Amino acid sequence: MATLFLYTARIMDFELTNQHRLARATARDVARTELAPYAQEWDQTMTFPGEALKKLARLGFMGISIPKAYGGCGLDSISYVLIIEELAKVCASTAIIVSVHNSVCAYPIFMLGTEEQKQSYLVPLSRGEKLGAFALTEPNAGSDPASLETVAERHGDHFILNGTKTFITNGSTADIVLVMARTDRTKRSRGITAFIVDKSFGGIIVGSKENKLGIRASDTCELIFKRCTVPAANVLGELGAGLGAALDTLTFGRVGVAAQALGVAECAFEESIRYSTQRKQFGRPIADFQAIQWMLADMATEIEAARSLVYRAAWLKDRGKPFAAEASMAKLYASETAMRCATKAVQIHGGYGCMKDYRVERCFRDAKVIEIYEGTSEIQRLIIARNVTK
Ligand SMILES: Cc1cc2nc3c(=O)[nH]c(=O)nc-3n(C[C@H](O)[C@H](O)[C@H](O)COP(=O)(O)OP(=O)(O)OC[C@H]3O[C@@H](n4cnc5c(N)ncnc54)[C@H](O)[C@@H]3O)c2cc1C
């Protein structure tokens, strides 16, 4: 009861500032001109949107929350979610590429990195000169990352990494990878350390690009570390504190993924409005039928609820308040809303909704993937339950 009161007592100002509006308008504009004409083809051909990313970098979208002193834009988390939402409305693949780069690679280096690490890695990441990735998942360690098996053994002033990371977003295209590896086999979660690994160090074999259900233009692949030699100076944060850092990192990451889900849900809704008001059956637009109206009403309501959760998690983060449970609520609800909205959108489009030519078909496939990465819905419920019962 006390916990519930704590949650409801946090009042949020829903008014966007001029800076928020500008960030959203800029993202909307670039998504319309640089992503919309190509997104469908990128999805079909699994093409990584490299050229578009260069344009996003010129707008500062590869260092959204990073201070200007380190090459970023210095925008707040509300601006961050508005940008990811707008990109995802048009191309969910581009949105996750940008989200992973910003929230789970550049941001932890900003939060935990030494000045030298920031100059060497954060500045080029924020400027978009280098692309970042985050490597936690392994074949035997998905929802349970504490069981990871990649090892990092110390040899003088270097560590040698051996192991396999799987499903890594930006895996083949990234220059800088944040890698979680075991430095102490006698400990479980406290035996894991985070490393900033530059692909130029060598000893990394990049597996083939996964042929995925959705988010197909993002590059997802296996990374195999075979005697990859990393300077001890590239340990991020404290030795043995890597899992904690990774989980903290994923908290912010989840807000970005929640914003991505929100964008997909909105796209499914807008396409459904457009289609149902134009498509006629029985001599009337199908939007006149109550069955369709109820689907549209449910979609609109759930999208507004998801939006509140996503913006609220970002708002709490901007005020330096705890937001782990809220980030999980946002990720859980927004991703499941995206799935429900996309399913309804396909239904509203009838047979056409099953065709690759129609946008809602891509929403449907993308939404399913969003329910899984950066923590499945089951893991989000686990985190929320732990928070509300403690
Ligand atoms: C497209 C894509 C991109 C990805 N990008 C990255 C990336 O950039 N970096 C990275 O490190 N990882 C990445 N991942 C990995 C992703 O985070 C994992 O797939 C996810 O965390 C689930 O792990 P798993 O696939 O091993 O499933 P498992 O952990 O094996 O889970 C299988 C099922 O069991 C359920 N389950 C597991 N444990 C519990 C429990 N305790 N209680 C209830 N249910 C449970 C899960 O919810 C799920 O339904 C990506 C995955 C995908 C699909």
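If the Cβ limit is 9 Å and pairs must be 6+ apart or interchain, which residue in the stretch 371-382 that is farther than 20 Å from Thr166 by Cβ pairs with which residue that is near the ligand (Cβ under 6 Å from one of its atoms)? Qualifying pairs under 9 Å: Leu382/Ser143; Leu382/Gly375. Of all residues in the stretch 112-138, those that are open to solvent by 30 Å² or more (accessible area, probe 1.4 Å) and either near the ligand (Cβ under 8 Å from one of its atoms) or of a type in the set (S, T, N, Q) (or both) total 4. For the stretch 173-227, the set of residues classified as within 23 Å of Phe110 (Cα to Cα), in a loop (DSSP other than H, G, I, E, B) and open to solvent by 20 Å² or more (accessible area, probe 1.4 Å) consists of Thr173, Asp175, Thr183, listed by residue number. For Ala268, are the conditions met, namely being surrounded by fewer than 24 Cβ atoms within 10 Å (Cβ to Cβ) and either away from the ligand (no atom under 16 Å from the Cβ) or free of Cβ contacts under 8 Å to residues at least 24 places away in the same chain (or both)? In short, no.
I'd like the full set of residues that are of a type in the set (Asp, Glu), farther than 18 Å from Thr166 by Cβ and not in a helix (DSSP H, G or I), limited to the stretch 101-142. Across the stretch 101-142, the qualifying residue is only Glu129.
Name the helices (runs of 4 or more DSSP H) wholly within the stretch 282-390 that hold at least 1 residues that are within 16 Å of the ligand (Cβ to nearest atom) and open to solvent by less than 20 Å² (accessible area, probe 1.4 Å)?
Working: elements: 290-318, 324-348, 359-370, 377-389.
Where helices (runs of 4 or more DSSP H) fall fully within the stretch 282-390 and carry at least 1 residues being within 16 Å of the ligand (Cβ to nearest atom) and open to solvent by less than 20 Å² (accessible area, probe 1.4 Å), they are 324-348, 359-370, 377-389.
Among the residues of the stretch 89-100, those that are touching a Pro at 6+ places or on another chain (Cβ under 9 Å) and assigned to a helix (DSSP H, G or I) comprise Ser93, Thr94, Ile97. Looking only at the stretch 139-162, residues that are in contact with a Phe, Trp or Tyr (Cβ under 6 Å, 6 or more places away or on another chain) and surrounded by fewer than 17 Cβ atoms within 10 Å (Cβ to Cβ) come to 1 in all. Taking residues in the stretch 297-309 that are within 22 Å of Phe252 (Cβ to Cβ), and partners anywhere that are open to solvent by 50 Å² or more (accessible area, probe 1.4 Å), the pairs with Cβ atoms closer than 9 Å and at least 6 places apart or on different chains are Ala305/Tyr333; Ala306/Tyr333; Ser308/Phe14; Leu309/Tyr333. Out of Gly202, Gly214, Gly244, Gly256, one residue alone is within 16 Å of the ligand (Cβ to nearest atom) and at pLDDT below 95. It is Gly244. Of all residues in the stretch 81-97 being aliphatic (A, V, I, L, M) and within 13 Å of the ligand (Cβ to nearest atom), which is surrounded by the fewest Cβ atoms within 10 Å (Cβ to Cβ)? Filtering the stretch 81-97 for residues that are aliphatic (A, V, I, L, M) and within 13 Å of the ligand (Cβ to nearest atom), the one surrounded by the fewest Cβ atoms within 10 Å (Cβ to Cβ) comes out as Ile96.
The values are calculated or read from the model by the stated rules, or taken from the named source; none is laboratory data. Please read these numbers as outputs of a predicted model, since none were measured by experiment. FYI the Cβ positions are ideal-geometry reconstructions off the backbone, even for glycines, and counts take in every protein chain you see. All accessible areas refer to the heavy atoms of the entire protein, side chains included, with ligands and DNA or RNA removed. Shrake-Rupley method; radii C 1.70, N 1.55, O 1.52, S 1.80 Å.
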